[in-house]
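Visitor: One structure coming up, written as structure tokens, with questions to follow.
The values are calculated or read from the model by the stated rules, or taken from the named source; none is laboratory data. Since this is a predicted model, take the numbers as computed values, not measurements. Virtual Cβ from ideal backbone geometry, glycine too; neighbours counted across all protein chains shown.
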Amino acid sequence: MAKKKTVFECIECGHQDPKWLGRCPSCGKWNTMEQVSLSNSGSSGNSLSDFLSTGLSSKSSVMLHDVNSSELPRFSSGFIEIDRVLGGGIMRGSAVLLGGEPGIGKSTLMMQIAGAVKSEDNTGKVLYISGEESANQLKMRADRLGIKSPNIELLIESDLRKILDVLDSSRPELVILDSIQTVVSEEAGKVPGTVNQVKYCGHSLITWCKNNNSAIFFIAHVTKEGIIAGPKIVEHMVDTVLYFDHSNSGIRFVRAAKNRFGSVDELGLFTMESTGLREVKDPSTLFLIQRDGGIPPGIATVPVYEGTRALMVEIQALTIPAKSGFSRIYSDRIDNNRVSRIAAVLEKNLNLRFADQDIYVNVAGGIKLNEVGIELALACALYSARTGIPFPTETAVAGEISLAGEIRPTAHMERRVKTSAEMGYKRFIGPNPVETGTSKSLQGIYRGVSNISESIQSIFGKG
């Protein structure tokens, strides 16, 4: 009789070794190696893998020109903002990973989507799987949110095998899992939330959904650094990665860090109310501060292009003498390196001294800005803060600044100018020449500049 082969497998990451080791060479954890037979090992052929492979349309290669390239139909999440971020709606067979801080409203958003989702026949069947909350807790949340959809099924379970059995019998159009860190499979170890468990269970559920044209949303925790907890491989396995963030003003942002079926530049805006999350219908003035008088020094206005719309945003700057002997930059909404570079350009071209100043930069409304079109506004805010000269009212600016002080063109300039004009701004300063195709009516408020010195003179005057 042949001897049964065994290996030592790490219960944390799944690494296998022919002999026992005190420390796993893959994840570095101590005393995590356990002896398992090859027939029970998650890496060799097992019953769950056979179960997942059943029903696959093809097990051999196909010619590229023989593949049907027609896109699977999307269905609405019930939220315009979510559909915009996803690229036009929920794609059938797609996997979406939603991460955010504890208490920000991830479960609330998913419950509202479960109650509002609409398919082509308006019978979108949703399976809400929870490994953290009881059915009573989910029902209380649904009642608070006013959700009365008859198409929502609840499954309070964390065992992967039982979840797959329910999926086979229910065949939902949308699956919501709260959260991926709670699902466990005996074939991937005994401890839930480990690297091996998250990878194995995530891949199994994604495989089932793709084989059955069902969409799945994973809710994931984030670390204190703000990144999704767990192995990075999970972000590679899913089609879309969404981050749910908030500002000090109470605005919730949904932004895509990865999207195989759409753009990653779109931004979804929500506010949290007693009845749940509500979409922001008109975000044009959301990031502007209403004032009775003029604009104080250190503030400049810029239209920021987010996906398919332009938002008017205030950039705020403050400079004070450095107390520690060297200059420091405090900016959590705009990258510190960008602030340092723009300050260096101003110091070189305008003889302003920032080396002995502490620089504070903020964005009204708490939105994070990454695009290059904000650099001219950032330069104006720093100049205004350093000199004490206020930025002129009813003026907006946009443009990229090179290291030589040149003002370079940015994308969608016509849309930025048009949004500024609709908001009542009488003057717009940007790169010269104006983007081809800009209407003559918009050119009436537009003035093109070629470098930072010309920009400052045009905006603040020769003084």
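Visitor: From the list S214, S185, S204, S158, which one is small (G, A, S) and under 20 Å from S77 (Cβ atoms)? Walk me through it before giving the result.
Guide: Working: S185 fails: under 20 Å from S77 (Cβ atoms); S204 fails: under 20 Å from S77 (Cβ atoms); S158 fails: under 20 Å from S77 (Cβ atoms).
Unique residue meeting the criteria: S214.
Visitor: Filter segment 76-92 down to the residues that are assigned to a loop (DSSP other than H, G, I, E, B) and small (G, A, S), then identify the one that is surrounded by the fewest Cβ atoms within 10 Å (Cβ to Cβ).
Guide: So in segment 76-92, the residues assigned to a loop (DSSP other than H, G, I, E, B) come out as 77-79, 87-89, 92.
Remaining after also requiring small (G, A, S): 77-78, 87-89.
Values: S77: 26, G78: 18, G87: 20, G88: 12, G89: 20.
Among those that are assigned to a loop (DSSP other than H, G, I, E, B) and small (G, A, S), it is G88.
Visitor: Of the conditions (1) β-branched (V, I, T); (2) exposed (fewer than 14 other Cβ atoms within 10 Å of the Cβ); (3) modelled with pLDDT under 85, I251 fails just one. Which one is it?
Guide: Only one criterion in (1) β-branched (V, I, T); (2) exposed (fewer than 14 other Cβ atoms within 10 Å of the Cβ); (3) modelled with pLDDT under 85 is unmet by I251, namely (2).
Visitor: Now for a separate question. Restricting the search to segment 165-181, which residues are of a type outside the set (V, I, T) and closer than 15 Å to Q197 by Cβ?
Guide: Those that are of a type outside the set (V, I, T) and closer than 15 Å to Q197 by Cβ: L177, S179, Q181.
Visitor: Kindly indicate the residue of segment 93-106 that is in contact with a Leu (Cβ under 9 Å, 6 or more places away or on another chain) and farther than 14 Å from V254 by Cα and also surrounded by the fewest Cβ atoms within 10 Å (Cβ to Cβ) among those meeting that condition.
Guide: Initially, segment 93-106 is screened for residues in contact with a Leu (Cβ under 9 Å, 6 or more places away or on another chain), giving 93-100, 105-106.
Checking the rest, the ones that are also farther than 14 Å from V254 by Cα come to 93-95.
Values: G93: 15, S94: 24, A95: 25.
Top of the filtered list is G93.
Visitor: Taking segment 124-144, which residues are without any contact (Cβ under 8 Å) to a residue 40 or more places away in the chain and either among the aromatic types (F, W, Y) or surrounded by 14 or more Cβ atoms within 10 Å (Cβ to Cβ) (or both)?
Guide: Passing the criteria: L138, R141, A142.
Visitor: While we're here: Only one of these is surrounded by fewer than 19 Cβ atoms within 10 Å (Cβ to Cβ), in contact with a Ser or Thr (Cβ under 6 Å, 6 or more places away or on another chain), over 20 Å from N212 (Cα atoms) and free of Cβ contacts under 8 Å to residues at least 60 places away in the same chain: I147, I156. Name it.
Guide: Working: I147 fails: in contact with a Ser or Thr (Cβ under 6 Å, 6 or more places away or on another chain).
That would be I156, the only listed residue that is surrounded by fewer than 19 Cβ atoms within 10 Å (Cβ to Cβ), in contact with a Ser or Thr (Cβ under 6 Å, 6 or more places away or on another chain), over 20 Å from N212 (Cα atoms) and free of Cβ contacts under 8 Å to residues at least 60 places away in the same chain.
Visitor: Let me ask something else about it. So which residues in segment 251-279 are in contact with a strand residue (DSSP E or B) (Cβ under 9 Å, 6 or more places away or on another chain), in a strand (DSSP E or B) and more than 15 Å from G365 (Cα to Cα), if there are any at all?
Guide: Narrowing segment 251-279 to residues in contact with a strand residue (DSSP E or B) (Cβ under 9 Å, 6 or more places away or on another chain): 251-272, 277-279.
Narrowing further to those that are in a strand (DSSP E or B): 251-259, 267-272, 277-279.
Across segment 251-279, the qualifying residues are R255, A256, A257, K258, N259, L277, R278, E279.
Visitor: Something else: Output the residue which, of all residues in segment 308-336 that are out of contact with any Leu (no Cβ under 6 Å at 6 or more places or on another chain) and small (G, A, S), is farthest from G388 (Cα to Cα).
Guide: This residue is A310.
Visitor: Separate question: Residue pairs, Cβ under 9 Å, 6 or more apart or interchain, first in segment 74-92 and at positive phi and in the same structural domain as S149 (by TED's automatic domain parsing), second of a type in the set (S, T, N, Q) and surrounded by fewer than 23 Cβ atoms within 10 Å (Cβ to Cβ). List them.
Guide: G87/N259; G87/S263; G89/S76
Visitor: Among the residues of segment 290-321, how many are modelled with pLDDT of 90 or more and among the polar types (S, T, N, Q)?
Guide: Counting residues in segment 290-321 that are modelled with pLDDT of 90 or more and among the polar types (S, T, N, Q) gives 3.
Visitor: If you don't mind, there's one more thing I want to ask. Hey, can you tell me all the residues within segment 241-271 that are touching a Lys or Arg at 6+ places or on another chain (Cβ under 6 Å) and within 28 Å of K199 (Cβ to Cβ)?
Guide: Those that are touching a Lys or Arg at 6+ places or on another chain (Cβ under 6 Å) and within 28 Å of K199 (Cβ to Cβ): V241, Y243, F244.
Visitor: Does L160 fit the bill of being within 26 Å of K125 (Cβ to Cβ), assigned by TED's automatic domain parsing to the domain that holds H221 and touching a helix residue (DSSP H, G or I) at 6+ places or on another chain (Cβ under 6 Å)? Give the steps one after another, and end with the answer.
Guide: Numbers: within 26 Å of K125 (Cβ to Cβ): yes; assigned by TED's automatic domain parsing to the domain that holds H221: yes; touching a helix residue (DSSP H, G or I) at 6+ places or on another chain (Cβ under 6 Å): yes.
So L160 passes the test.
Visitor: With the condition kept exactly as written, say whether any residue in segment 190-200 is part of a helix (DSSP H, G or I), of a type in the set (A, V, I, L, M, F, W, C) and closer than 30 Å to F8 by Cβ. Explain how you work it out, then say what you get.
Guide: The initial filter retains those residues of segment 190-200 that are part of a helix (DSSP H, G or I), namely 195-200.
From the residues that got through so far, the ones that are of a type in the set (A, V, I, L, M, F, W, C) too are 195, 198.
From what is left, the residues that are closer than 30 Å to F8 by Cβ are 195, 198.
The answer is yes, given that some residue of segment 190-200 is part of a helix (DSSP H, G or I), of a type in the set (A, V, I, L, M, F, W, C) and closer than 30 Å to F8 by Cβ.
Visitor: For segment 297-341, which positions are aromatic (F, W, Y) and under 27 Å from V417 (Cα atoms)?
Guide: The initial filter retains those residues of segment 297-341 that are aromatic (F, W, Y), namely 305, 326, 330.
Residue satisfying the conditions is Y305 alone.
Visitor: Among what's in segment 27-72 and is at pLDDT 80 or above and assigned to a loop (DSSP other than H, G, I, E, B), pick the residue that is farthest from V7 (Cα to Cα).
Guide: M63
Visitor: State the number of residues belonging to segment 182-197 that are within 18 Å of V96 (Cα to Cα) and surrounded by fewer than 23 Cβ atoms within 10 Å (Cβ to Cβ).
Guide: 1
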